[in-house]
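Read through the structure below, which is laid out as structure tokens, and then see the notes.
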Protein chains: 2
Amino acid sequence: MIKQRGQVVVDKILDTAERLFFEQGYNITGINQVIEEADIAKASLYKHFGSKTDLLVAYLQRIHERWFDKLEADVDKVADPKEKLLTLFDYHRERQLQNGFGGCRFIKANDEAGMSDERVLAEIQKAKQHLRDYISMLVVNSGHQKLLTDKELTELIFMMLDGGIVAASVFKQADDLQSAKSIIQKLI
Amino acid sequence: MIKQRGQVVVDKILDTAERLFFEQGYNITGINQVIEEADIAKASLYKHFGSKTDLLVAYLQRIHERWFDKLEADVDKVADPKEKLLTLFDYHRERQLQNGFGGCRFIKANDEAGMSDERVLAEIQKAKQHLRDYISMLVVNSGHQKLLTDKELTELIFMMLDGGIVAASVFKQADDLQSAKSIIQKLI
DNA sequence: CATTAAATATACAGATCTGTCTATTTAATG
DNA sequence: CATTAAATAGACAGATCTGTATATTTAATG
């Protein structure tokens, strides 16, 4: 599959937006900086994305897809169904170590623009709900000790992942995600 | 205690900043909007706060103090030491219901300005660590069943509170904080 | 080779941003 | 009442913001 001419430009825009929106934040990243660092023309950006908000929505869709594919790939490598649950924490932890404890991009986007645009909020909700459903499936298949119900364990893991990422982003270390993993290990 | 003339102005500035930084976010709230809605002069703002960042730091100190005082007051009303732990979730839940699921102001500030200014990050860390230490004290005195160690239970509650607030802010409902309370209830 | 669509460079509008400055008015105190 | 400090209104600088428009160049296709 050969890339179309437009696809190269779109990719350059999204690559740059992905980096800047995460490192700096959405609101303080200007369109002018995006086009300069992406090395494309402003008219090209507005041809492919009608507005800065549209770019944010496309950014969220893109990171949702890519982030989730990698998560599933990591979980698929593990055979033991309980270990699959623990892999969730490893994945989140490694991501935070890699990206310098920048936190969760969906939470960041929600804090910056979630209240102002319903399409943005919808994409964030979609991504978070997708993760919760995925956790639920893993929990049901995990054969855990039923100290908690399936629903409770799902909620617990879901909230500890977000709580652990927030702690990593605030304290600039990933110890909390490690603790979270140990705690879940005890409870399954 | 009679208020000094300057105190009135400072209070009006901080009241307005507190509202706008939370409702709109720090980055998209302009100084001009603050002075207009606070109904004070720009020179007054820059007399009391050297820069917009200084105002953010003062805002964080203020909400840390006030938020924590109310939390302690709520916990103090409860006699049972295990129930005190559960009150943490009630408090967080009620706050989210009151403020329209706006999430945590410290996490918001961290996402918007934590990476760019070390004083801001320090205030956020101070507030979060304060909460963690407080939870730890309550856990030690709770007489819980020791299914988890004191340290683990502290971490668990700490992360579930943040995770629950994030979920409330994303999904615009507080069910997750209710679930979190039920789960902790089972584990203590 | 001619046509067509995409991407480019660049200027521009109109608004907004933080922060500084001057000059004036207000209010508290000796 | 006179003095002094605080608060005010408002202009201003210099930069940046999103989004539009124009005119030119590039590259793919029939």
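The values are calculated or read from the model by the stated rules, or taken from the named source; none is laboratory data. Here the structure is a predicted model, which means the values were calculated and not measured. Here the Cβ positions follow ideal geometry from the backbone for every residue, glycine too, while neighbour counts run over all protein chains shown. Note: accessible area is taken over every heavy atom of the protein model, side chains too, but ligands, DNA and RNA are not part of it. Shrake-Rupley method; radii C 1.70, N 1.55, O 1.52, S 1.80 Å.
Listed values, structure above:
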{"item": "Inter-chain Cβ neighbour average for residues B:146-158, partner chain, 10 Å", "result": "4"}
{"item": "Cα-based equivalent ellipsoid, the stretch A:115-188: semi-axes from gyration tensor eigenvalues, Å", "result": "24, 19, 8"}
{"item": "Principal-axis tilt of helix A:175-187 within chain A, Cα atoms, nearest 10 degrees", "result": "40"}
{"item": "Average silhouette area of the stretch B:1-50, convex hull of alpha-carbon atoms, in square nanometres", "result": "3.6"}
{"item": "Backbone HN-Hα couplings from phi across the stretch A:76-93 [Karplus 6.51/-1.76/1.60, Hz, Gly and Pro as x]", "result": "5, 5, 8, 8, 5, x, 6, 5, 4, 5, 5, 4, 4, 6, 4, 4, 4, 5"}
{"item": "Whole-Hz ³J(HN,Hα) from phi, Karplus 6.51 cos²θ - 1.76 cosθ + 1.60, for the stretch A:54-63, glycine and proline x", "result": "4, 5, 5, 4, 5, 4, 5, 4, 5, 6"}
{"item": "Along principal axes, Cα extents of the stretch B:36-130, largest first, whole Å", "result": "51, 30, 22"}
{"item": "Average partner coverage of B:111-118, which counts Cβ from other chains inside 10 Å", "result": "5"}
{"item": "Accessible area expressed per residue, the stretch B:51-187, with surrounding protein chains retained (probe 1.4 Å, Å²)", "result": "39"}
{"item": "Inter-site label distance for A:Glu23 and A:Asp54 at 7 Å from Cα along Cβ, in nm", "result": "2.6"}
{"item": "Computed label-point distance, nm, for sites B:Lys70 and B:Gln173 using a 7 Å Cα→Cβ extension", "result": "2.4"}
{"item": "Label-to-label distance, nm, for residues given as B:Ser44 and B:Glu118 (7 Å Cα→Cβ offset)", "result": "3.5"}
{"item": "Hull volume in cubic angstrom per residue (convex hull over the Cα atoms of the stretch B:51-187)", "result": "100"}
{"item": "Carbon plus sulfur fraction of accessible area for the protein assembly as shown, probe 1.4 Å, in percent", "result": "49"}
{"item": "Neighbouring partner chain Cβ atoms per residue of B:119-131, average, 10 Å criterion", "result": "1"}
{"item": "Accessible area buried at the B-A interface, both sides summed, 1.4 Å probe (Å², nearest 100)", "result": "3700"}
{"item": "All Cα pairs of the protein assembly as shown, percent lying beyond 38 Å", "result": "22"}
